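Structure record follows, encoded as structure tokens.
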Amino acid sequence: MGLTIYLNGDFVPDEEARVSVFDHGLLYGDGVFEGIRFYNGRVFKLDEHLQRLYDSAKAIRLEIPLKPEEMKEVILETIRRNNLRDGYVRPVVTRGPGDLGLDPDKCPEPFVFVIADTIVLYPDESYKNGLSVITVPTRRNVPEALNPRIKSLNYLNNILAKIEANNVNAASDIPIAEEAIMLSNDGYVVECTGDNIFIVEGRDTACRVSTPPTYIGALEGVTRNTAMDLARDMGLQVEEKIFTRYEVYIADECFLTGTAAEIIPVVKVDGRIIGDGRPGRITQELVKRFRNLTQTTGTEIF
Ligand code: PMP
């Protein structure tokens, strides 16, 4: 692929970027990561992503062998070495190589790598026409176990949910499960496999923009927080609240947020048309403001 990878202190060609088969990141999903976008020569919300990376590491008692300022420079340098101005960068910190037991104390040195690449996006039509999503049986992890606020390498739960969505798509002529909504054990809407979810209730300036609180098991998405800020800037009432699928079905608008998806409208949930079946006015305005922000703010790469 011709990429240059940061691999634990060196920059190496991708074909030489190898991780030990004894690395607990691979054996047990023991590690943390971030997914970060850069646009127009600037990294979007780099400090917020770094903060979440270090918070996730702290939560699993993993000491990242680089200071945040050093990690920032490594991320920027990886993008520079790949001569990219627009793309996606993925810092990963694993527990490092150990023995075949799961004890993290037997892994003396964490392992760090960073991949910068271009990104495959949802097609333009999805932003113009909106997505169709479904709820799937696999529940979001409970916060009392591996807290979903930790962006860990352990994504198997979300992958199971994605497989359920793929199964539904395979049985239909048109993709009706472009993302999968995951519920909490109590049946409340939490988030999607790789995106946060929002609903808009009401159509005028008094409308409310809501997303589930992180304590029920949602990742505190960087894009989620940005969308909330943008909605507040628009003078809208923004709240974190618990809701069920019913509130989604009868919402006036629905949209997802995520680093890869950005802000993307949803027009169908479990076969129910949301609003008038077109991306909503508030959602469209948020998409516009978000794009403007990504093009004009961020940490300079070059
Ligand atoms: N939820 C999950 C489970 C995710 O993996 C992601 C993507 N990191 C998000 C939400 C969105 O978070 P962000 O806006 O920070 O990319």
Count of the range 236-250 residues which are hydroxyl-bearing (Ser, Thr, Tyr) and open to solvent by 70 Å² or more (accessible area, probe 1.4 Å) = 1
Please verify whether the range 119-139 includes one or more residues that are within 30 Å of Val43 (Cβ to Cβ), among the small types (Gly, Ala, Ser) and open to solvent by less than 60 Å² (accessible area, probe 1.4 Å).
-> yes
Top-ranked residue of the range 227-245 - restricted to ones that are under 18 Å from Arg289 (Cβ atoms) and outside any helix (DSSP H, G or I), ranked as nearest to the ligand (Cβ to nearest atom) | Val238
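To keep it simple, each residue is scored yes or no on (1) farther than 14 Å from Thr259 by Cβ; (2) open to solvent by less than 20 Å² (accessible area, probe 1.4 Å); (3) polar (S, T, N, Q).
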position: Gly29; (1), (2), (3): yes, yes, no
position: Val32; (1), (2), (3): yes, yes, no
position: Glu63; (1), (2), (3): yes, no, no
position: Glu69; (1), (2), (3): yes, no, no
position: Val89; (1), (2), (3): no, yes, no
position: Asp103; (1), (2), (3): yes, no, no
Going by the conditions given, is Gly235 under 17 Å from the mean Cα position of the chain (by Cα) and in the same structural domain as Leu153 (by TED's automatic domain parsing)?
-> no
Odd one out for Ser152, checked against (1) buried (at least 18 other Cβ atoms within 10 Å of the Cβ); (2) more than 13 Å from the ligand (Cβ to nearest atom) = (2)
Within the bounds of the range 261-281, is there any residue that is in a helix (DSSP H, G or I) and modelled with pLDDT of 95 or more?
-> yes
Might you check whether a residue that is hydrophobic (A, V, I, L, M, F, W, C), farther than 24 Å from Thr214 by Cβ and either away from the ligand (no atom under 16 Å from the Cβ) or surrounded by fewer than 21 Cβ atoms within 10 Å (Cβ to Cβ) (or both) occurs anywhere in the range 283-297?
-> no
Among (1) outside any loop (DSSP other than H, G, I, E, B); (2) open to solvent by 20 Å² or more (accessible area, probe 1.4 Å); (3) more than 23 Å from Gly29 (Cα to Cα), which single condition is Leu84 missing?
-> (1)
When both residues are 6+ apart or on different chains and their Cβ atoms are under 8 Å apart, which pairs have a first residue that lies in the range 207-226 and is more than 23 Å from Glu144 (Cα to Cα), and a second that is of a type in the set (S, T, N, Q) and more than 14 Å from the ligand (Cβ to nearest atom)?
-> Cys207/Gln237; Arg208/Gln237; Val209/Gln237
Considering every residue within the range 13-26, establish whether at least one is part of a strand (DSSP E or B), open to solvent by 10 Å² or more (accessible area, probe 1.4 Å) and either more than 16 Å from the ligand (Cβ to nearest atom) or of a type outside the set (Phe, Trp, Tyr) (or both).
-> yes
Pro175 vs (1) open to solvent by 70 Å² or more (accessible area, probe 1.4 Å); (2) without any contact (Cβ under 8 Å) to a residue 24 or more places away in the chain; (3) under 21 Å from Glu125 (Cα atoms): all pass except (2)
One residue from Ile274, Ile197 being over 19 Å from Asn158 (Cα atoms), crowded, with 24+ Cβ neighbours inside 10 Å and not assigned by TED's automatic domain parsing to the domain that holds Lys45 | Ile274
Considering only the range 200-222, state which residues are open to solvent by 10 Å² or more (accessible area, probe 1.4 Å) and of a type in the set (A, V, I, L, M, F, W, C).
-> Ala206, Ile216, Leu219, Val222
Residues of the range 57-74 being part of a helix (DSSP H, G or I), within 20 Å of Ala116 (Cβ to Cβ) and out of contact with any Leu (no Cβ under 7 Å at 6 or more places or on another chain), which ones?
-> Glu69, Glu70, Glu73
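The values are calculated or read from the model by the stated rules, or taken from the named source; none is laboratory data. Bear in mind that the values here come from a model prediction, so they are computed numbers and not experimental data. With ideal geometry, Cβ positions are generated from the backbone for all residues, glycine too; neighbour counts draw on all protein chains shown. Quick note on the areas: whole protein, heavy atoms, side chains included, nothing else; ligands and nucleic acids left out. Shrake-Rupley method; radii C 1.70, N 1.55, O 1.52, S 1.80 Å.
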